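Peer 1: After the structure tokens below, expect a handful of questions from me.
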Amino acid sequence: MRRISVFGATGSIGQNTLDLVRRDREAYRVVALTGAGNIERLARDAIEFDAEVAVTADPERLADLRDALAGSGVEAAAGESALIEAAQRPADWVMSAIVGAAGLAPGLHALEQGASLALANKESMVCAGPLMMETARATSAKILPVDSEHSAVFQALIGEDLAAVERVIITASGGAFRDWPLEQLAQATPEQAATHPNWAMGQRITIDSASMFNKALELIETKEFFGIEPGMIEVVVHPESMIHALVGFRDGALMAHVGPADMRHAIGFALHHPARQALPVERLDLVKLGQFTFREASETRWPALRLAREVMQAGGLTGAVFNAAKERALDAFIDRRIGFNDMARVVEETLTCVSAQDSLIHAGFTLDNVRSADHLARITADEIMGMQAAS
Ligand code: NAD
Ligand code: MG
């Protein structure tokens, strides 16, 4: 039996992961499941999967979690230190599917104890790519990409020589507003931004798809994960979301990964790696689909893409600043304190302010340094938004 843990078990990726585990229940021993506010779901799943421990990130919900787990034999725990303690419990495979920078520390601790880390939490790579890779190297732990584009690139590279790669193309659906006139974007509401044309995902990543901040994070994730030069990574809008990524080789060949918009493919690939097992995803009928289309990913429409290029150029802890500023701007957009277009502006201004602190940006990749950069970026983004609200 493989020992597995799922961080962010109550979310969209977490639930898809448990769906696969449920189909082959006897093959796994579930160590830890974690969530935040959705105690009912966390407790229900922890009992169903007979987990050793269930952890909520919210310390104020510990009593509720204890009540919900009473008599089940599942341990209840809460808070950041409990998440880390859960990540340190020996496991063979750990799903990292917390949303945001909060996913970094548990993932690092899982790598430190040598577990294979299925990485949905792209923020870990954006904030601390070199630290993640170095930690994995030190313990010979594997990091398996779960983001669909990165799983696609990973699969296209199997058996290939990285030196023969000329370009990597990741696709973007274009999100909720890809066909909106530019002038209308300023009025876009959180509800409109949170409807995705093709994928069913968590609220935050869905809004990030509409703003292209999701693709911006994925550009940086591609650079960090595969060690590919930023100039070799392209983004193309592909409204059908069937081709997830393409890898171009020096002989002119382009290897495309094609599949339905169902995260259980990428999750299942990471779960069974290096084997390929049957997965419950739709088989595509190409004739019925008829055609695949592509459009330019305009940096005028989606300034987040330009910002990602600047972040990759700047290096150091700029990625942590970029992600933290984006998280705060997204919070403010969801709370209707700023408009849709303001998100990119707030992130750009935060980058300008915080990047001026050379000693902070180039302090080196330790968890403490990443946290300092993240913290300063959040304060700075809040100040920028506060000033704008006041003026
Ligand atoms: P979600 O919002 O559906 O779920 C997030 C999970 O994280 C929940 O279990 C929630 O309880 C937990 N969580 C939230 N805040 C937390 C905190 N501060 N501390 C600890 N736990 C916390 O999100 P999702 O769509 O499943 O995405 C999870 C991650 O996977 C994100 O990094 C996202 O970018 C990435 N991802 C998601 C998809 C997708 O299809 N949903 C695809 C690719 C990558
Ligand atoms: Mg993706």
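Read-outs throughout are calculated quantities, based only on the coordinates presented, and are distinct from any laboratory measurement. Since the model is a prediction, treat every value here as computed from it, not as a measurement. Note that each Cβ is placed from the backbone with ideal geometry, even for glycine, and that neighbours are counted across all protein chains shown.
Peer 1: Among DSSP beta bridges whose residues both lie in the chain, state the antiparallel percentage, nearest 5.
Peer 2: 30
Peer 1: Right, here's the next one. Evaluate the Debye formula for the range 315-390 with equal point scatterers sitting on the alpha carbons, no solvent, and hand back log10 of I(q)/I(0) at q = 0.12 Å⁻¹, in q order, two decimals.
Peer 2: Calculated log10 I(q)/I(0) at the listed q: -0.29.
Peer 1: Using modelled amide H (1.01 Å from N, peptide plane; none on Pro or chain starts), what sits under 5 Å from the amide H of Val168, excluding residues fewer than 5 places away?
Peer 2: Residues meeting the criterion, in which the H sits 1.01 Å from N, are Ile233, Glu234, Gly248.
Peer 1: Given points 7 Å out from each Cα along the Cα-Cβ axis, report the Asp358 to Asp335 separation in nanometres with one decimal.
Peer 2: The modelled label-to-label distance comes out at 3.5 nm.
Peer 1: For q = 0.14, 0.27 Å⁻¹, what log10 I(q)/I(0) does the range 44-113 give under the Debye formula with an equal point scatterer on each alpha carbon and no solvent?
Peer 2: -0.43, -1.28
Peer 1: Extent of the chain along each principal axis, from alpha carbon coordinates, in Å, largest to smallest?
Peer 2: Sorted largest first, the three principal extents are 57, 55, 40 Å.
Peer 1: So what's the projected area for the range 2-145, the Cα convex hull averaged over all directions, in nm²?
Peer 2: Numbers: hull surface 29.8 nm².
Average projection, Cα convex hull of the range 2-145: 7.5 nm².
Peer 1: Quote the charge dipole size of the range 245-304 about the Cα centre in Debye, to the nearest 20; the model charges only the Cβ of Lys and Arg (+1) and of Asp and Glu (-1).
Peer 2: Values: 7 positive and 6 negative charges, 19 e Å.
For this selection, approximately 100 debye.
Peer 1: Then there's this: What distance in nm separates the two pseudo spin-label positions at Arg345 and His272, each 7 Å out from Cα along the beta-carbon direction?
Peer 2: Here the modelled spin labels are 5.0 nm apart.
Peer 1: Same structure again: What FRET efficiency comes out for the pair Glu229/Asp179, r = Cβ-Cβ distance, R0 = 45 Å, nearest 0.05?
Peer 2: Working: r = 32 Å, r/R0 = 0.72.
The pair Glu229/Asp179 has a calculated efficiency of 0.90.
Peer 1: Tell me, how many Å apart are the Cα centres for the range 70-131 and for the range 136-167?
Peer 2: Cα centroid of the range 70-131 versus Cα centroid of the range 136-167: 21 Å apart.
Peer 1: Follow-up question, since we're still on this one. Can you find, among Met242, Leu271, Phe213, the residue farthest towards the positive end of the dipole of the range 150-296? Put +1 on the C-beta of Lys and Arg, -1 on that of Asp and Glu.
Peer 2: Positive-most Cα among the choices belongs to Leu271.
Peer 1: If the convex hull of the alpha-carbon atoms of the range 244-373 is projected onto planes in all directions, what is the mean projected area in square nanometres? Show your work: numbers first, answer last.
Peer 2: On the way: hull surface 51.1 nm².
The directionally averaged projection comes out at 12.8 nm².
Peer 1: Ignoring solvent entirely, what values of log10 I(q)/I(0) come out of the Debye formula for the range 150-296 at 0.21 Å⁻¹ when each Cα is a single scatterer?
Peer 2: For the range 150-296, the Cα-only Debye profile gives -1.46.
Peer 1: Using the Cα centre as the reference, give the magnitude of the dipole from point charges on the C-beta atoms of the chain (Lys, Arg: +1; Asp, Glu: -1; all else neutral), rounded to the nearest 20 debye.
Peer 2: Numbers: 35 positive and 52 negative charges, 116 e Å.
The dipole of the chain has a size of about 560 debye.
Peer 1: If you don't mind, another one. Between Glu134 and His375, take the C-beta separation as r, use R0 = 22 Å, and let me know the FRET efficiency to the nearest 0.05. Walk me through the numbers on the way to the answer.
Peer 2: On the way: r = 22 Å, r/R0 = 1.00.
For R0 = 22 Å, the calculated efficiency reads 0.50.
Peer 1: Would you kindly calculate the mean projected area, averaged across all directions, of the convex hull enclosing the Cα atoms of the range 240-302, in square nanometres? Spell out each step's value before the answer.
Peer 2: Details: hull surface 26.6 nm².
So the Cα hull casts an average projection of 6.6 nm².
Peer 1: How much length would be gained if the chain were fully extended between Glu26 and Arg66, taking 0.36 nm per residue of separation minus their Cα-Cα distance, in nm to one decimal?
Peer 2: Details: separation 40, 0.36 × 40 = 14.40 nm, distance 2.64 nm.
Using 0.36 nm per residue and subtracting the Cα-Cα distance, I get 11.8 nm.
Peer 1: Run down the lysines and flag those whose C-alpha is under 27 Å from the C-alpha of Lys142, throwing out any fewer than 8 positions away in its chain.
Peer 2: Leaving aside lysines fewer than 8 places away in the same chain, those within reach of Lys142 are Lys122, Lys215, Lys223.
Peer 1: If packing is taken as the average count of other Cβ atoms within 10 Å, what order do 249-259, 309-319, 360-370 fall into, highest mean first? Intermediate results must be reported in sequence, preceding the final value.
Peer 2: Numbers: 249-259: 13.9, 309-319: 19.5, 360-370: 15.9.
Put in order of decreasing packing, that is 309-319, 360-370, 249-259.
Peer 1: Just flag the trypsin sites (Lys or Arg not before Pro) in the range 335-391 sitting in loop per DSSP whose Cβ has no more than 15 other Cβ atoms within 10 Å. Don't skip to the end; give the middle numbers.
Peer 2: Numbers: sites: Arg336, Arg337, Arg345, Arg371, Arg378; in loops: Arg336, Arg337.
Listed in order of number, the matching sites are Arg336, Arg337.
Peer 1: Tell me, Met343, Met263 in order of fewest to most beta-carbon neighbours within 10 Å?
Peer 2: Numbers: Met343 26, Met263 23.
In order of increasing Cβ crowding within 10 Å: Met263, Met343.
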